[in-house]
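Following: one structure in structure tokens, then a few remarks.
Rule-based calculations on the coordinates, nothing more; no lab input. Note that the structure is a prediction, hence the values are computed from the model and not measured. Using ideal geometry, Cβ is built from the backbone for each residue, glycine included, and neighbour counts are taken over all protein chains shown.
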Protein chains: 2
Amino acid sequence: MVDIARFHPLWLRDNCPCPDCRHESGQRLLDTRSLPDDLSVVAVDGTTVTFSDGHTSTFDAEWLRAHSAPPEPRRRRLWDARLQNGLPVFPYDGPLRDWLAAVDELGFAILTGGPKEPETVTRTAELFGFVRETNYGRLFDVKTVVNPKNLAYTGLGLGAHTDNPYREPTPTLQLLHCLASSADGGENTLVDGFRVAQDLPREDVELLVRWPVRFRYADADTELDAETPVLSLDARGDVCAVHYNTRSARPFRLPDDVVGPYYAAYQRFGRMLEAPEYRIQFKLEAGDLFIVDNLRVLHGRTAYAPTGGERHLQGCYADRDALRSKLAVLSR
Amino acid sequence: MVDIARFHPLWLRDNCPCPDCRHESGQRLLDTRSLPDDLSVVAVDGTTVTFSDGHTSTFDAEWLRAHSAPPEPRRRRLWDARLQNGLPVFPYDGPLRDWLAAVDELGFAILTGGPKEPETVTRTAELFGFVRETNYGRLFDVKTVVNPKNLAYTGLGLGAHTDNPYREPTPTLQLLHCLASSADGGENTLVDGFRVAQDLPREDVELLVRWPVRFRYADADTELDAETPVLSLDARGDVCAVHYNTRSARPFRLPDDVVGPYYAAYQRFGRMLEAPEYRIQFKLEAGDLFIVDNLRVLHGRTAYAPTGGERHLQGCYADRDALRSKLAVLSR
């Protein structure tokens, strides 16, 4: 039996399932604002409730039970370097649902044996959603012809970072597809920012949440500037977003007495992001692709060996809403 | 004179402007993580600083002064119904910069005398940025042939709301373009959610910030579900985002003792959003268009008179980063 008395009258009335109050799609037809503040329940018969505004609603007992429980937290599995032995690698032509579920749960997936043609990266995003076009285009090339005369610019490793923190909203997904991979080294590295934040001292987390950073990117046609903290918390106090990019962070504007503690926290977090115990790595071959949740999983690359060869990736951005929608529809 | 001693050594070293440390684009080449924790200043000569890692940096005194001041808050002007006498209306073919600045400052702009062709709405978004494609397509039609036999669905007013709170990230801009407007009534209403939140009792703001709401949209091909509070605060404690949509809000999952106070806050805010003292309204003619900041300005429409006629709008979504980038570039 469901005890109707434990539900607030406004909550019950607002969630009336009758066809006048709610469309079959689940959208509410009733504008909540139209309900009187002093609404009360005047009669109850099982799960049929009559309200003081004259409306009668019949609820499903199972629905009431399910919706009086606290909401289920989003399914996510934090990981560290031990995931190296069980990386979420999927055949490009395998079931879509499998790798979408991995992205949702682990924050990334690797696809192997895909097409080696340009624009595969955007076609892959369109398998589940929509490309987020930016000033870099629908896709961008990460093409580095390794030239031993110019190692400083081309062979260096790239520390773990999230992409485009200077954009608002920040793209929530990034895809990178490999077209050529004959250079030695240049492996991709990934780290679960949520997992690292879990091990960061609480005072550090609080500093990185409390003081936003401004990020910036500018060129002849573009001037992007956004302010966001390195770590964001959801209502439960769990880290729900990471924005970390030493290249585009503007000078910190902090009170004098905060600069030292902030740098200590920022550096501790930044170094943990590079620590072998958290990091996984893999090398993309031509036709391979990976997709990361850009608010959770940071990516980087190891240095190249100066022996020549080519490395050509194409990347694009997309968003999580469409990925989760497609996953939910495929899971019906 | 700039007193170098007041700057933290890590802050100075991290912001070295020399070409080894910073690219001419402003991107940092130095990975902040590489700096030692115990870095110190070993010599100062004017604004030239030598650090314990052996690096020497020369700063611009003006730059140091500018960057030691607290950052300038984002320019925004809150408004209420009194704006009705000075609406930000711009000729469609006038300077782009003018209406982009209005969107940035007021959260909306109205363009008049534009093309009356379909797809004008997406072409307008492309004047400054990129269309955010969604499951509704690159654009969507809001077409209502007024039919007195079916008033319940077509003639009703629509309360102030933000669009797509079930999407993550929520589109930050919405554009609506009018192709036909022969129906009586159906005026567009707008309200500045930041302004209304300013007048909301602080306890109400805190409840609407503290307890997230889940929003949902589902159809045969789509299942979008996102959790976000009705009001979000930035690091300064100012409201920086509004998500309010009574149609797509799922049943609140709140502790029993919070339901009553939460509804009181939610209803107070919702009704203030409809109050004449905050609201402006205008009627689009064919060729007119408006653009709103979808995290700040809520839109709605008044009821239609049951006298027949046509009302056809096309809408699309876009994002603020590109708008602000274009505005900054045009303001150089």
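A Cβ-based charge dipole, computed about the Cα centre of chain A with Lys and Arg at +1 and Asp and Glu at -1, lands at about 760 debye. Extension gain, A:ALA43 to A:SER331: 0.36 nm times the residue separation minus the Cα-Cα distance gives 99.7 nm.
Cβ under 9 Å from B:GLN267's Cβ, B:GLN267 left aside: what net charge do those residues give with Lys, Arg +1 and Asp, Glu -1? Local charge sum for B:GLN267: +2. The phi-based Karplus calculation (6.51 cos²θ - 1.76 cosθ + 1.60; θ = phi - 60°) puts the 3J(HN,Hα) values of the stretch A:208-214 at 6, 7, 6, 10, x, 10, 9 Hz, whole numbers, x for Gly and Pro.
Against the longest alpha carbon principal axis of chain B, how many degrees, from 0 to 90 and to the nearest 10, is the axis of helix B:320-330 turned? Between the helix axis and the principal axis of chain B, the angle is about 60 degrees.
Counts of other chain beta carbons within 10 angstrom of each beta carbon in peptide B:242-254 average 5. Cysteines in chain B that lack a partner Cβ within the 4.7 Å cut-off: B:CYS18, B:CYS178, B:CYS240, B:CYS316. Applying 0.36 nm per residue to the separation of B:CYS18 and B:LYS116 and subtracting their alpha-carbon distance, the gain on full extension is 30.0 nm.
Placing unit charges on the Cβ atoms of the charged side chains and taking the dipole of chain A about its Cα centre, the candidate lying farthest along the positive direction among A:VAL292, A:PRO165, A:ALA275 is A:ALA275. Annotation: the residues A:HIS23, A:HIS299, sorted from fewest to most other C-beta atoms within 10 Å of their own C-beta, follow the order A:HIS23, A:HIS299.
Counting other Cβ atoms within 10 Å as a rough exposure proxy, the listed residues B:LEU254, A:LEU323 run B:LEU254, A:LEU323 from fewest neighbours to most.
Put simply, the amide H of B:LEU313, placed in the peptide plane, has neighbours under 5 Å in B:VAL142, B:LYS143, B:THR144, B:LEU179, leaving out anything fewer than 5 places away on its chain. Computed from the C-beta positions of B:ASP93 and A:GLN84 and an R0 of 56 Å, the FRET efficiency is 0.45 to the nearest 0.05.
With Cα atoms defining each centre, the stretch B:93-114 and the stretch A:280-304 are spaced 41 Å apart in the structure.
The slack in the chain from B:GLU126 to B:THR302, taken as 0.36 nm per residue of separation less the alpha-carbon distance, amounts to 60.4 nm.
By the count of neighbouring beta-carbon atoms within 10 Å, fewest first, B:SER232, B:SER34 end up ordered B:SER34, B:SER232.
Legend: mean number of C-beta atoms from other chains within 10 angstrom of residue C-beta atoms, peptide A:18-31, equals 4. Counting charges near A:PRO255 (Lys, Arg +1; Asp, Glu -1) among other residues having Cβ under 12 Å from its Cβ returns a value of +1. Express in whole angstrom the spacing between the alpha-carbon centres of the stretch B:16-92 and the stretch A:3-31. Measuring centre to centre over Cα atoms gives 51 Å.
The Cβ shell under 13 Å around A:CYS16 holds other residues with a net charge of -2, Lys and Arg each +1, Asp and Glu each -1.
Figure legend: label point modelled 7 angstrom from the Cα of B:SER52 along Cα→Cβ; residues of the stretch B:3-27 with amide N under 13 Å from it are B:9-10. Each stretch of four or more DSSP H residues adds -39500 (n - 2.57); spread over every residue of chain A, this sum gives -6500 deg cm²/dmol at 222 nm.
Taking every residue in B:218-229 and counting other chain Cβ atoms within 10 Å of its Cβ, the average works out to 5. Shown in residue order for the stretch B:236-244 are the 3J(HN,Hα) couplings computed by the Karplus curve 6.51 cos²θ - 1.76 cosθ + 1.60 at θ = phi - 60°: 8, x, 8, 5, 10, 7, 10, 10, 9 Hz (x for Gly and Pro). Peptides A:220-227, B:246-253 ranked from most to least packed give B:246-253, A:220-227, packing being the mean of other C-beta atoms within 10 angstrom over each peptide's residues.
Counting from the shortest, the label point at B:ALA264, 7 Å from Cα toward Cβ, is 4.3 nm from the same position in each remaining copy.
Quote the FRET efficiency, to the nearest 0.05, computed for B:GLU285 versus A:GLU277 with a Förster distance R0 of 56 Å and r equal to the Cβ-Cβ distance. Taking R0 as 56 Å, the efficiency between B:GLU285 and A:GLU277 is 0.30.
Whole-Hz Karplus ³J(HN,Hα) for the stretch B:69-74, in order, using 6.51 cos²θ - 1.76 cosθ + 1.60 and θ = phi - 60°, x for Gly and Pro? Using θ = phi - 60°, the values come out as 7, x, x, 5, x, 4 Hz.
Ranking A:GLY315, A:HIS55, A:SER331 by how far each Cα lies toward the positive end of the dipole of chain A (charges on Cβ) leaves A:GLY315 at the top. The separation of the stretch A:242-265 from the stretch B:252-271, counted between C-alpha centres, amounts to 37 Å. Between A:ASN164, A:ASN188, A:ASN135, the GNM of chain A built on Cα springs shorter than 10 angstrom shows A:ASN135 fluctuating the most.
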